[in-house]
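The values are calculated or read from the model by the stated rules, or taken from the named source; none is laboratory data. Fair warning: this is a prediction, and the values are worked out from it, not measured in the lab. Every residue, glycine as well, gets a Cβ built from its backbone with ideal geometry; the counts of neighbours run over all protein chains shown.
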Amino acid sequence: MRVLALLLAAAALGGCGLHPLYGGSSGSTVAATMRSIAVGPIQGQSGWLVRNKLIDRLGQPESGAAAYRLDVTLDDNITAFGLRSDRAATQERRTLRARYQLVDTRNGMVVLDATAGSDAGIDIVSSEYATVAAEQTALENLSDIVADQIAARIGLYAARTAPRHGAPK
């Protein structure tokens, strides 16, 4: 009975219209669009981390072949909370927020304007080195998450604007 239910579910999924975002792998129009994006410089250490992660995910356009430019502005904030009786903080929250715009380089028009972000909790311990190391690790993890969010949103944009197979161009 379970096997039959599984087969019916698999058959239903085939007709639901779902398809992979990067269908056709590196030759797909989505992948080609993502490779045509030049990631602009981003301020600060968090900017360096996010920019490198975005380049890893999107790829780099061939020299002078960028159809789009990605402009990113970051807000990296650490807030202390969880005060003890001596007014010393016991925890921190590190927040990384990004506002990004995808700009069509042919006409300067912003085609995508969105935000991404995440946060992480950090325990403050007696060792200052351990606390700084935890803050750095949190920043690296948050940079990964924010870059993933930006790349996914750009992938959706590319999939929605890509010409359909069989559709007039």
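A few comments on the model shown:
- Scope region 90-105; condition surrounded by 13 or more Cβ atoms within 10 Å (Cβ to Cβ) and more than 15 Å from residue 149 (Cβ to Cβ); matching residues: 91, 92, 93, 94, 103, 104, 105
- Among the residues of region 66-73, not a single one is among the hydroxyl-bearing types (Ser, Thr, Tyr), crowded, with 16+ Cβ neighbours inside 10 Å, more than 22 Å from residue 158 (Cβ to Cβ) and in contact with a helix residue (DSSP H, G or I) (Cβ under 9 Å, 6 or more places away or on another chain).
- Sole residue being surrounded by 13 or more Cβ atoms within 10 Å (Cβ to Cβ) and at pLDDT below 95, chosen from 121, 108, 59: 59
- Count of residues meeting criterion [modelled with pLDDT of 95 or more and among the hydroxyl-bearing types (Ser, Thr, Tyr)] in region 69-102: 3
- Taken over region 119-150, residues that are in contact with a Ser or Thr (Cβ under 8 Å, 6 or more places away or on another chain) and polar (S, T, N, Q) amount to 2.
- Flag for residue 148 being under 19 Å from residue 68 (Cβ atoms), at pLDDT 95 or above and either more than 24 Å from the chain's Cα centre (by Cα) or exposed (fewer than 13 other Cβ atoms within 10 Å of the Cβ) (or both): no
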